[in-house]
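Data first, discussion second: the structure below is written as structure tokens.
Bear in mind that the values in this text are calculations on the coordinates, not laboratory data. Note that this is a predicted model, so its numbers are computed, not measured. We place every Cβ from the backbone using ideal geometry, glycine too, and count neighbours over all the protein chains shown.
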Amino acid sequence: MRILLKGGHVIDPSQGIDGPMDLLIRDDRIEKLEPDITDEADEVTDVSGCYVVPGLIDMHVHLREPGFEHKETIKTGSMAAARGGFTSICPMPNTKPVIDSPEMVRFVREKAEKEAVVHILPVGAVTKGQMGIEPADITGMVQAGAAAISEDGKSVMNTEVYRQAMVLAKEAHIPVLDHCEDKYLVKDGALNAGPAAERIGVTGISNGVEDIITARDILLAKETGCRLHLCHCSTKDSVRMVREAREDGLAVSAEVCPHHFTLTEDDIPGDDANYKMNPPLRSEADKEALIEGLCSDVMQVISTDHAPHHADEKAKGIGKAPFGIVGLETSVALTMTALVHTGKMTPTQMVEHMSTVPAKILGIDKGSLKPGKMADITVIDPEAEYTIDKETFVSKGKNTPFDGWKVKGRVTRTIVAGKCVYEYR
Ligand code: DOR
Ligand code: ZN
Ligand code: ZN
């Protein structure tokens, strides 16, 4: 089977390509990437006016299976990923039971093998049951196919336990995906410590809740030599600390989620839990620092923290609803609209942040359109304008603050291992 994508604008930072190019796929591989391909093909697709980029990789999603299938499943989450332009996603282990053993990693992989339409790279827990008491079988999970470890949803508060886990992660050559939140400082906080929390009457979450653990974990990474990837950074001091760590030559990387670079606490209209996520929406100064960090490549990754919840759970109001919003189906449009079309970030940087760098951090042979590589490809129409409508989401979760937003930039085709798994019609 040969598919020819003709007339597109190829952006592939791994080869320094940013210009018109045809791309020929043969079975599950990229066969040719050249200015004018005239080879015979079973299918020729006109992608003129569109970006053709290496398949996007989301290092941070929640697929909720096993245990919370009413929120999302590996199958529905993978379909949402395909619609959002993602060809590989990393599901976090805070399921029920927790993904904390080689058996559970195999469960996710086997389920994904049967039902998922994109590549699923499972993340194992740092500690058994995510209880924070003793490290999980990290070596065994990596042998079973875990791509990384994370305690996402909370921090490992016992510094010695975390240190031991970092040593094991280093030995297994995988990164640690770090959720930074001091359990004792956060109390029952629901929104940023600021005007919105006061107005709505909920407990505030200070920047220190995140910053204190970020500082600790960077120091631990320095001591252990492990690769540390900071999840969903939300504060200006986290940007500063990442910059300093990288200047010091540490193997520290960091991600920012679209909601943190498009919204602040001032955008929270009232008691609407679609604006509640962890870490929370912060101040204008924090948002500006995150944008500056992303556009100067200090913060090298855009991830979604796709966190589907059922409408009934989100209807409980900001005080009682669970944290999290969906992100897979809005990430490209929000990034294009807020950062690329405003001239703050180049299209090449967007591809680096959403594919090239995530592949590098995960140490996987992806994020490139070089001939011979697996044909994971995303096609984006940068000029398409539309209104986000949560009813069109294929995710089970409709919990988004972006419903009704006018955006520019649409995923029109997602190809996984040479197979078209999503096409906009
Ligand atoms: O908003 C969030 N949702 N933040 C987290 O840390 C966990 C996640 C979830 O699992 O829902
Ligand atoms: Zn988290
Ligand atoms: Zn998360």
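Every residue in segment 114-153 that is of a type in the set (D, E, K, R), surrounded by fewer than 17 Cβ atoms within 10 Å (Cβ to Cβ) and over 29 Å from Pro280 (Cα atoms), please. Those that are of a type in the set (D, E, K, R), surrounded by fewer than 17 Cβ atoms within 10 Å (Cβ to Cβ) and over 29 Å from Pro280 (Cα atoms): Lys114, Glu115. Where strands (runs of 3 or more DSSP E) fall entirely within segment 4-108, those with at least 1 residues that are buried (at least 24 other Cβ atoms within 10 Å of the Cβ) and more than 16 Å from ligand 3 (Cβ to nearest atom) are at 17-26, 51-54, 56-61, 86-91.
Here segment 181-201 is the region considered, the condition is being in contact with a helix residue (DSSP H, G or I) (Cβ under 6 Å, 6 or more places away or on another chain) and without any contact (Cβ under 8 Å) to a residue 60 or more places away in the chain, and the residue that is farthest from ligand 1 (Cβ to nearest atom) is Leu185.
The set of residues in segment 115-132 being in contact with a helix residue (DSSP H, G or I) (Cβ under 7 Å, 6 or more places away or on another chain) and either outside any helix (DSSP H, G or I) or of a type in the set (Val, Ile, Thr) (or both) consists of Ala116, Val117, Val118, Ile120, Leu121, Pro122, Gly124, Val126, Thr127, Gly132. When each of Ile325, Ile302, Ile291 is tested for being under 27 Å from Val167 (Cα atoms), in contact with a Phe, Trp or Tyr (Cβ under 9 Å, 6 or more places away or on another chain) and not polar (S, T, N, Q), the lone residue that passes is Ile302. Assessment of segment 348-368 against the conditions (surrounded by 23 or more Cβ atoms within 10 Å (Cβ to Cβ), within 16 Å of ligand 1 (Cβ to nearest atom) and in a loop (DSSP other than H, G, I, E, B)) yields no matching residue. Of the helices (runs of 4 or more DSSP H) that lie entirely inside segment 140-245, those containing 1 or more residues that are closer than 21 Å to Val123 by Cα span 159-171, 207-224. What are the residues in segment 315-329 that are under 22 Å from Cys231 (Cα atoms) and more than 15 Å from ligand 1 (Cβ to nearest atom), if any? Listed by number, the list holds a single entry, Glu329.
Of all residues in segment 243-273, those that are more than 22 Å from the chain's Cα centre (by Cα) and touching a residue at least 60 places away in the same chain (Cβ under 8 Å) total 6. Scanning segment 250-273 for residues that are over 17 Å from Gly404 (Cβ atoms), within 16 Å of ligand 1 (Cβ to nearest atom) and in a loop (DSSP other than H, G, I, E, B) yields a single hit, Cys257.
When segment 274-333 is filtered for residues that are away from ligand 3 (no atom under 12 Å from the Cβ), under 17 Å from Ala197 (Cα atoms), part of a loop (DSSP other than H, G, I, E, B) and in contact (Cβ under 8 Å) with a residue 60 or more places away in the chain, the ones remaining, listed by number, are Lys276, Pro280, Leu281, Arg282, Ser283, Ile318, Gly319.
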